[in-house]
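To start, the structure itself, in structure tokens.
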Amino acid sequence: MAQLAIAKEFLTEYAKLEKPVQRAVQEAIEKFRRHTHAGLHLEPVNHARDPRIRTIRIAKFWRGVVLAPESGDLYCLLRVMPHDDAYAYCMSRRFTVNQTLGVLESRDESQLETIEPTLRKAAEVVPQRLFEAYKDADLKRLGIDEQILPIIRLLTREAHLEALQHLLPTLQYDALVALASGMSMEEAWAEISKSLVDSTPPERVDPDDLGSAIARTPDQVTFVEGPEELTKMLDHPFDVWRVFLHPMQQKIARRESYSGPAMVSGGAGTGKTVTALHRAAYLADRYIAEPGASILLTTYTTSLAHALEQQLALLIDDPEIRGRVEVRNLDKVAAQVVRQAIGRQPALVAGPRLRDSWDAAAKELGIEHRGRFLVDEWEQVILAQGLTSEEAYLACSRAGRRERLGAAGRRAVWHAITTLAGRMRDADEWSFLQVVDEAANILTESGRHLYRHVIVDEAQDLHPVQWRLLRALVPRGPDDLFLVGDPHQRIYGHRVSLASLGIDVRGRSRRLTVSYRTTQEILSWAVHVLGMTPAAGLDDEPDALDGYGSPMHGRRPVVRRFADRSAEIDALVTQVRVWLNDGVEPRAIGIAARVNTLVQQAKGALKDAGVTAVSTHATGDGVRVATMHAMKGLEFRCVAVIGADGDLVPMPYAVASAEEDAAAHDEDLQRERCLLFVACTRARDRLYVTHSGEPSPFLPR
């Protein structure tokens, strides 16, 4: 039976097709599956650039473009396009197997032939060539082939190279850009090898072996194993690429074993979450026959855990294997441990209510400090450092706290906190972090472990107490902890040293640098939002974004200013309608705002316009609207960030006064930058940023 592979471009186009055309596509592919390629009426194209290109009839005015082998039974569905566009595509494109890299490549030969005379004429005027320092043999070692070399030798300026971006095979273009930017041959090879399954070139490459070439090109083409997988792929084409594993991620996720805790860091969109999901699936499949080899896939919020559960369902179909992986946020795990120990569910007091309660009690007892300060001191200093005595508190570090305290002040604060915490115990009330702290103590003292493997997403935002619980959940040993995170996306004030918590990742840290989610245009813009302050990594090393980039290109972010909020919200509704009319799935559109009042305003306006708008954790279809904090860990095709005003981003109440505490002020500002960066980098294809009045100082000028 014929085997089918599908190109990424096809899925992108499929999501934009009208429903009748989508149904016709499904019928054509099903016919292929049932009857082999002959039943699909593969038609050769006269004068096609590539003799292996065929077309198939999809609907009256629509054709599918298929790459058919001269021998063998592997067929690749490349595009679904209107009739005339499909034939124009066939007349211009040629597909080849790179003889150095072994990957499947595509080039626009028609346009290359058209542009060559222009380049030749320009080269006659300027004698110096862009790549004259490199011999042909050097360029060939990077995969530049015989057809491209003559054109490359005509280039005199980087602008000429940029003009070839969409005409050349992707990896060849990337290699040339690397050299033009000043990289050495070794650095250029390291850059392009990020996109290869194996960084070692194949010893022999068969130019007719499409199957092997496609297998080496997993970020562009995927195999369809059966009808169920195809149905899932076509029902939610955006979801398919959310869990797609790329070469560098594959090496990390499917490594046989790590000798201890392992950590994966990387910028937004580099596939950290995807890597964590695939690691969970790999371990679940590997240890399916081992009794008690349970796996926890966890993060810090319920909404993120829900998103992980949905994505994991796309990866694992076998219910027995899926049953090995428990997806829960850490608060729920902690509550279970405490409930089993005390025989009842802990009565939780949430953040705002806890602060108000302590504020009232502090006033009643004549305590000088307000409830918010005392709660923060309890959670960020005492619980964070596991302090159990006044002496320990007097000697501890309070780095990052906004208010300085002398010895007398510390004694007064310690007395106030122990008094108020005691009142909570007497009332049988618990804070979330108190439950986590208690769960960590229970497991540590008992020596009992609940899991064989623990995989943690968004690790940079975990509190030290949560890290102590993670260490207690799993016995020390191979593959105990697998951590993924990005210090540049730290949106809470929890900075920890893993080594100080008994989690040593030295020698088992990996860094991802290629963003497969966000286009380079969005990425370049968003990185400027972060400013120049370096981030502190979880392994105690500075974390830089050197080498961070994307192989995908698209439109630049759109930034618009409005005279008032009403006009801004009206324009948002118009923009969402444009995206929907372009075929973007509603669930693939995200709208972020700094404050909840704007979230509700946007939801109301969309609802009035007949557009379904839901929260990020909703299960049904609809445009997702949420605060910037709630967007963490999610991704969308199109994102609108509204209310990026100077008086909202940064949020004044979230930033300490520089006069009171300069260090805390700088940390708070950077956290607000990270929050805007997180919101903007949720976008894969389109980013739309708006503000009313003066813009946020974080927006790139």
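Give the range 366-421 a look and list any residue that's within 25 Å of residue 462 (Cβ to Cβ), assigned to a loop (DSSP other than H, G, I, E, B) and either in the same structural domain as residue 656 (by TED's automatic domain parsing) or among the hydrophobic types (A, V, I, L, M, F, W, C) (or both), or say none.
Hits for the range 366-421 are 387, 396, 399.
If we scan the range 324-338, do we find a residue that is over 39 Å from the mean Cα position of the chain (by Cα) and not assigned by TED's automatic domain parsing to the domain that holds residue 657?
For the range 324-338, residues over 39 Å from the mean Cα position of the chain (by Cα) and not assigned by TED's automatic domain parsing to the domain that holds residue 657: absent.
Assess whether residue 281 counts as being under 23 Å from residue 498 (Cβ atoms) and in a helix (DSSP H, G or I).
no
Condition test on residue 362, is it within 29 Å of residue 484 (Cα to Cα) and in contact (Cβ under 8 Å) with a residue 24 or more places away in the chain?
It is false that residue 362 is within 29 Å of residue 484 (Cα to Cα) and in contact (Cβ under 8 Å) with a residue 24 or more places away in the chain.
Given the conditions (1) farther than 25 Å from residue 128 by Cα; (2) not in a loop (DSSP other than H, G, I, E, B), and given that residue 177 satisfies all but one, which numbered condition is not satisfied?
It is condition (1) that residue 177 fails.
Among the numbered conditions (1) in contact with a helix residue (DSSP H, G or I) (Cβ under 9 Å, 6 or more places away or on another chain); (2) assigned to a loop (DSSP other than H, G, I, E, B); (3) surrounded by fewer than 23 Cβ atoms within 10 Å (Cβ to Cβ), tell me where residue 649 comes up short.
Failing condition for residue 649: (3).
Taking the conditions exactly as written (surrounded by 22 or more Cβ atoms within 10 Å (Cβ to Cβ), assigned to a loop (DSSP other than H, G, I, E, B), at negative phi and of a type outside the set (Asp, Glu)), does residue 258 satisfy them or not?
Criteria not met by residue 258.
Just one of (1) crowded, with 18+ Cβ neighbours inside 10 Å; (2) part of a helix (DSSP H, G or I) trips up residue 363, so point out which.
Failing condition for residue 363: (1).
Which one of the conditions (1) crowded, with 24+ Cβ neighbours inside 10 Å; (2) within 28 Å of residue 249 (Cα to Cα); (3) out of contact with any Gly (no Cβ under 6 Å at 6 or more places or on another chain) does residue 452 fail to meet, given that it meets all the rest?
Among (1) crowded, with 24+ Cβ neighbours inside 10 Å; (2) within 28 Å of residue 249 (Cα to Cα); (3) out of contact with any Gly (no Cβ under 6 Å at 6 or more places or on another chain), the lone unmet condition for residue 452 is (1).
Picking from 334, 392, 360, 384, which residue would you name as being of a type in the set (Gly, Ala, Ser) and in contact with a Pro (Cβ under 6 Å, 6 or more places away or on another chain)?
384
So which residues in the range 561-573 are surrounded by 17 or more Cβ atoms within 10 Å (Cβ to Cβ), within 15 Å of residue 693 (Cα to Cα) and out of contact with any Asp or Glu (no Cβ under 8 Å at 6 or more places or on another chain)?
565, 568, 569
Of the conditions (1) without any contact (Cβ under 8 Å) to a residue 60 or more places away in the chain; (2) within 29 Å of residue 299 (Cα to Cα), residue 656 fails just one. Which one is it?
Condition not satisfied by residue 656: (1).
Does the range 485-495 contain any residue that is touching a strand residue (DSSP E or B) at 6+ places or on another chain (Cβ under 7 Å), assigned by TED's automatic domain parsing to the domain that holds residue 271, of a type in the set (A, V, I, L, M) and under 30 Å from residue 277 (Cβ atoms)?
No.
Return the residues of the range 309-343 that are charged (D, E, K, R) and either over 29 Å from residue 431 (Cβ atoms) or at pLDDT 90 or above (or both); say none if nothing qualifies. Before you say what the answer is, go through the steps one by one.
Here is the first cut: in the range 309-343, the ones charged (D, E, K, R) are 309, 317-318, 320, 322, 324, 326, 328, 331-332, 339.
Of everything in the range 309-343, those that are charged (D, E, K, R) and either over 29 Å from residue 431 (Cβ atoms) or at pLDDT 90 or above (or both) turn out to be 317, 318, 320, 322, 324, 326, 328, 331, 332, 339.
Looking only at the range 5-15, decide whether some residue is modelled with pLDDT under 85, in a helix (DSSP H, G or I) and in contact with a Pro (Cβ under 6 Å, 6 or more places away or on another chain).
yes
Within the range 183-193, can one find any residue that is farther than 17 Å from residue 552 by Cβ and either of a type in the set (Phe, Trp, Tyr) or over 30 Å from the mean Cα position of the chain (by Cα) (or both)?
There is at least one residue in the range 183-193 that is farther than 17 Å from residue 552 by Cβ and either of a type in the set (Phe, Trp, Tyr) or over 30 Å from the mean Cα position of the chain (by Cα) (or both).
Can you name the condition, by its number, that residue 672 falls short on among (1) assigned by TED's automatic domain parsing to the domain that holds residue 582; (2) in a loop (DSSP other than H, G, I, E, B); (3) closer than 18 Å to residue 591 by Cα; (4) not hydroxyl-bearing (Ser, Thr, Tyr)?
(2)
Which condition number in (1) buried (at least 17 other Cβ atoms within 10 Å of the Cβ); (2) touching a Lys or Arg at 6+ places or on another chain (Cβ under 8 Å); (3) modelled with pLDDT under 80; (4) among the hydroxyl-bearing types (Ser, Thr, Tyr) is the one that residue 518 fails?
With (1) buried (at least 17 other Cβ atoms within 10 Å of the Cβ); (2) touching a Lys or Arg at 6+ places or on another chain (Cβ under 8 Å); (3) modelled with pLDDT under 80; (4) among the hydroxyl-bearing types (Ser, Thr, Tyr) applied to residue 518, the lone miss is (3).
Across the range 171-199, what is the number of residues that are modelled with pLDDT of 85 or more and touching a strand residue (DSSP E or B) at 6+ places or on another chain (Cβ under 9 Å)?
Residues meeting the conditions: 2.
Which residue pairs have Cβ atoms under 8 Å apart, sit 6 or more places apart or on different chains, and have a first residue in the range 280-308 that is within 25 Å of residue 635 (Cβ to Cβ) and at pLDDT below 85 and a second that is of a type in the set (Val, Ile, Thr) and not in a strand (DSSP E or B)?
Partner pairs satisfying both residue conditions: 303/616; 307/616.
Within the range 344-379, take every residue that is modelled with pLDDT of 85 or more and aliphatic (A, V, I, L, M) and give me the one that is farthest from residue 653 (Cα to Cα).
Going through the qualifying residues, I end up with 347.
The values are calculated or read from the model by the stated rules, or taken from the named source; none is laboratory data. Computed from a predicted model, the values in this text were never measured in an experiment. Note: ideal-geometry Cβ built from the backbone for every residue, glycine included; neighbour counts use all protein chains shown.
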